[in-house]
Amino acid sequence: MDGLEKLRKKYLDLINKDNDQNSLENLRVTVLGKQGELSLKMRELGNMTPEERQATGPILNSLRDEVTNAFLKKKSTLENLILNERLKEEWIDLSLPSRKKPNGSIHPISQVTEEVSAIFAEMGFSVAEGPQIENDWYNFDALNIPPEHPARQEHDTFFLNRDGGDDRAPNVLRTHTSPVQIRHMLSNGAPCRIIAPGRVYRCDYDQTHTPMFHQLEGLAIGKDISMANLKGTLEEFCKKFFEVDELELRFRASHFPFTEPSAEVDLRCSWNDGKLEVGKGESWMEILGSGMVHPKVLKAGGIDPDQWQGFAFGMGIDRLAMLKYGIPDLRAFFDSDLRWLRHYGFSSLDQPNLHSGLSR
């Protein structure tokens with residue numbers, strides 16, 4: 001018994017004396033490892049008589065538990081000391097305010113696209129999409145655009161190169177989203193009511209034109225659709241988009257290959273200190289083109305023009321954004337200037353709908 005008491009004192013003194021994690025672990029292995037001194041003592045119980053085992057076993061188990069707890073306590077103490085030293089060097093004032101993370105902004109083009117889509121959705125229009133690289137037929141021929149039309153010249157359209165010996169008509173970067181209408185008619189037939197927003201490309205660049213811009217076109221086909229339906233649809237759209245109760249539209253006769261009759265649409269407005277006021281004033285501003293779908297376009301879309309008729313319209317999303325939110329230069333839309341975007345951008349929580357309002 002005296003020998004076990006001496007071992008106890010020896011182990012506890014060594015544990016309390018050690019101030020290094022590595023040496024403490026080495027001591028633990030020496031004492032409690034498989035070949036450790038205390039572990040060998042525990043094995044000697046097998047060679048004792050029952051009476052000796054009954055007397056010595058509880059003392060050895062108690063000694064092992066006490067030494068094990070002493071090791072754990074010392075290990076915890078050393079870990080706390082190391083942590084405290086680290087905290088002195090890596091000290092952080094948790095009472096300081098956190099770093100502010102800048103919030104992203106929704107681009108005006110994305111916002112206006114959602115606004116327009118929400119308005120037409122209320123009128124029963126669904127959104128249709130198509131490829132931005134189109135073949136010559138969808139982009140021109142199916143839309144009744146003749147070969148000699150200026151839009152089919154290289155100074156107006158981006159043509160994709162063909163390999164030598166390839167005599168097929170070249171693909172183009174679509175110049176409008178009208179090809180989506182043809183694809184939709186071929187896939188779904190009539191009746192239909194769709195809008196087709198998306199990127200389009202033309203060889204032009206100045207304050208009000210860029211090589212890539214955004215356009216939205218609409219198409220409605222039925223058996224009794226007329227110009228009156230077109231006028232009512234566009235008036236309702238403009239009232240909702242510009243958020244006015246009364247406005248006046250003027251339809252001017254024009255010419256588009258894919259509609260007959262065709263009309264440019266002007267909006268009555270006034271300008272005060274550079275700010276647009278819709279619905280009043282003596283000025284007129286062109287906002288979109290429209291008309292009744294040409295019978296040849298209906299035929300190209302697989303629809304019998306003797307049974308069905310419809311209207312179509314097209315407008316620039318970028319231009320609508322400039323008019324509604326007072327953005328002076330179209331080129332700024334594509335400059336990637338964060339200062340500009342913070343000023344004209346929208347919060348991600350500003351989801352446009354007709355019940356809470358479209359604008360900020």
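Laboratory data are not the source of any read-out in this text; all were calculated from the coordinates shown. Since this is a predicted model, take the numbers as computed values, not measurements. Cβ coordinates were reconstructed from backbone atoms using ideal geometry, including for glycine residues, and neighbour counts include every protein chain displayed.
A few remarks follow.
- Of the GluC sites (Glu not before Pro) found in segment 68-170, the ones in coil according to DSSP and having at most 15 other Cβ atoms within 10 Å of their Cβ are GLU90, GLU129, GLU148, GLU154.
- Tensor-based shape of the chain (alpha-carbon gyration tensor, a/c under 1.5 rounded, otherwise prolate or oblate): prolate
- Relative contact order, whole percent, for the chain stands at 16, derived from Cα pairs under 8 Å and 6 or more residues apart.
- Amide H to amide H distances under 5 Å link VAL244 with no residue, where only residues 5 or more positions off or on other chains count and H is placed in the peptide plane.
- Each peptide in 70-76, 312-318, 176-182 was scored by the mean count of other Cβ atoms within 10 Å over its residues; highest first, the order is 176-182, 312-318, 70-76.
- For segment 138-244, the Rg and Dmax computed from alpha carbons only, in angstrom: 16.9, 58
- For the chain, calculated [θ]222 nm from helices alone, where every DSSP H run of n ≥ 4 adds -39500 (n - 2.57): -12500 deg cm²/dmol
- Cα-only Debye scattering, segment 2-89: base-10 log of I(q)/I(0) at q = 0.15 Å⁻¹: -0.61
- Note on LYS101 and LEU12: the model spin-label points, each 7 Å out from Cα along the C-beta direction, lie 5.3 nm apart.
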